[in-house]
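Only one structure is covered here, and it is reproduced in the block below.
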Amino acid sequence: MKSIFKQLASLLLAAGAWAATGVFTLAQAVNDLPGGPAVRQLNLHPAVTKIAQDQAWLHWFMLIVCAVIFVAVFTVMFYSIWKHRKSVGHKPATFHESVVVEIVWTIVPFLIVIGMALPATKVIVAMKDTTNADLTIKATGMQWKWGYDYIKGEGEGIGFTSTLDSSQRAMSDAGGPKNPEGVDDYLLKVDNPLVVPVDKKVRIITTATDVIHAFAVPAFGIKQDAIPGFVRDTWFRAEKTGDFYGQCQELCGKEHAYMPIHVKVLSAQDYAAWVAAEQKKMAAKADDPSKVWTQEEIVKRGEKVYAANCAACHQANGKGAGPIKPLDGAAVVLDADKNKQIMVLLNGQNNGAMPAWRALSDTDIAAVISYTKNNWSNKTGQVVQPADVLALRK
């Protein structure tokens, strides 16, 4: 029996050493991500907003108060037990009901609770004050991406979706980074970060199209649920420029881990330049929904839309992977009734396994459908026009 225990102990030690070596090696291979998680991080993220600073102060204040109370109470308790133990001749007192003691142990905790509640209430009230914002942005959670719409303020009218970078998605599908060096932002890199100006009050309105998500950026001290059919809001005022990261903090489905949030805080001048550039791009992309595209034109555009939004799941070869259904040879793609595939993209299917893509423009949806209908072995010759999508979107 002893030999069995020794063998088990040896195996556990060997496994522990192997795991520790692996963890240590991986930890050494990656670096702290400025604005994001740090290697072996134990404390809160470095604060970039006044609210986050107040939260950090509250965190330590509460911890210290609780620790002092814990030490004081247990010190008195153990001292009393030891000092007045029966073995040295002490006998238990026989009195009960001491008005003075009861008043003291009622007033003291009450004052402690009030002393903790007042600063906490002050911070919470400040967190909920979303008035007088310089910029208002709607963040829409979708499986598994974020949609950002600049509703009010500089940049009003700009809108885009933000999705996990396709190269990192492919890296994850392959089992993670083979060489962690240089991948400090693993599963945090997106194609289109949310861009805001420094020292401006930014109100974030959250909602969702499918299930409950949560918009959270620890460095800003914000976390707000995004609930379908409801509108919630939060705010922040970043006090320095840089890149800051968060993730959806509500378990929202099997690809919950693929909903990073990247906020890029720019100076006022750089933000104005970004707004001007985005507005130019929007003007260039503005498509006439009544335009009739040739098959060659729309398939070429659809190839780019597919690579940016669909290839991560359905794969570049259209064969799908695991539970993701293939598009090559799919019945809905080959069906002569093109409306069926349009409805899938507009509304999703299979309880969200295939998310809705309403955030894409009519032209982009028409393009990607035309691409799938005429790529790989799907030589249907069918072309979907933006007007077809527009008619079903209404």
Taking a 1.4 Å probe, which of Ile227, Ile298, Ile114 shows the most accessible area, and what order do the others take after it?
Ile114, Ile227, Ile298
Scaled radius of gyration (Cα, divided by 2.2 N^0.38 Å) that the range 120-270 gives:
1.05
Gyration tensor (alpha-carbon) shape descriptor, the range 23-88, a/c threshold 1.5
oblate
Determine the dipole magnitude for the chain: charges of +1 sit on the beta-carbon of Lys and Arg, -1 on that of Asp and Glu, nothing else is charged, the reference point is the Cα centre, and the result goes in debye to the nearest 20.
1080
Collect residues whose amide H, placed 1.01 Å from N in the peptide plane, falls under 5 Å from the amide H of Asp233; neighbours closer than 5 in sequence don't count.
Thr206
Counted charge near Ala312, where neighbours are those whose Cβ lies closer than 11 Å (Asp, Glu -1; Lys, Arg +1)
-2
Accessible area (Å², per residue) of the chain, counting only protein heavy atoms and a probe of 1.4 Å
58
With the contact rule set at Cα under 8 Å and sequence spacing of 6 or more, what percent relative contact order holds for the chain?
14
The rounded separation in angstrom of the Cα centers of the range 236-306 and the range 338-394 is 20
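Within the chain, what percent of beta bridges assigned by DSSP are antiparallel, to the nearest 5?
Working: 30 of 42 bridges.
Close to 70 percent.
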Cα gyration tensor shape for the range 109-164, rounded if a/c is under 1.5, else prolate or oblate
oblate
List the longest stretch of the chain that has no exposed loop site; here a site is one of the chymotrypsin sites (Phe, Trp or Tyr not before Pro) assigned by DSSP to anything other than H, G, I, E or B, with at most 11 other Cβ within 10 Å.
231-394
Calculated from backbone phi, Karplus (6.51, -1.76, 1.60) coupling profile of the range 90-105 in Hz, x at Gly/Pro
6, 10, x, 6, 10, 7, 8, 6, 10, 4, 4, 4, 5, 5, 5, 6
Calculate one ³J(HN,Hα) per residue across the range 226-231 by plugging θ = phi - 60° into the Karplus curve 6.51 cos²θ - 1.76 cosθ + 1.60, and present them in order as whole Hz with x for glycine and proline.
10, 10, x, x, 10, 10
Choice from Pro92, Pro355, Pro193 showing the highest fluctuation, given a GNM over the chain with Cα pairs closer than 10 Å:
Pro92
Sequence-distant residues sharing a close amide H with Ile222 (under 5 Å, placed H)
Val217
Global geometry of the chain, whether rounded, prolate or oblate, following the gyration tensor of its Cα atoms and the 1.5 cut on a/c:
prolate
Would you pull out the residues with amide H under 5 Å of Gln349's amide H, same chain only if 5 or more places away, H placed 1.01 Å from N?
Met354
Residue-by-residue Karplus 3J(HN,Hα) for the range 248-264, coefficients 6.51, -1.76, 1.60, Hz, glycine and proline x:
4, 10, 10, 4, 10, x, 5, 10, 3, 6, 9, 10, x, 10, 10, 10, 9
Of the accessible area of the range 295-391, computed with a 1.4 Å probe and all protein chains kept, carbon and sulfur make up a percent value of 54
Nonlocal Lys pairs with alpha-carbon distance under 18 Å, the range 295-391 (8 or more apart, or different chains):
12
Residue with peak Gaussian network fluctuation, the chain [Cα springs, cutoff 10 Å], from Pro323, Pro197, Pro260:
Pro323
Give a quick list of trypsin sites (Lys or Arg not before Pro) in the range 91-178 that DSSP marks as loop, anything other than H, G, I, E or B, with at most 10 other Cβ atoms within 10 Å.
Lys178
Using a 1.4 Å probe on the protein chains only, how many percent of the accessible area of the range 135-285 belongs to carbon and sulfur?
51
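The values are calculated or read from the model by the stated rules, or taken from the named source; none is laboratory data. Keep in mind that this is a model prediction, so the values were computed, not measured. Backbone-built Cβ (ideal geometry, glycine too); neighbour counts: all protein chains shown. Just so you know, the surface numbers come from the protein's heavy atoms only, side chains and all, with ligands and any DNA or RNA stripped out. Shrake-Rupley method; radii C 1.70, N 1.55, O 1.52, S 1.80 Å.
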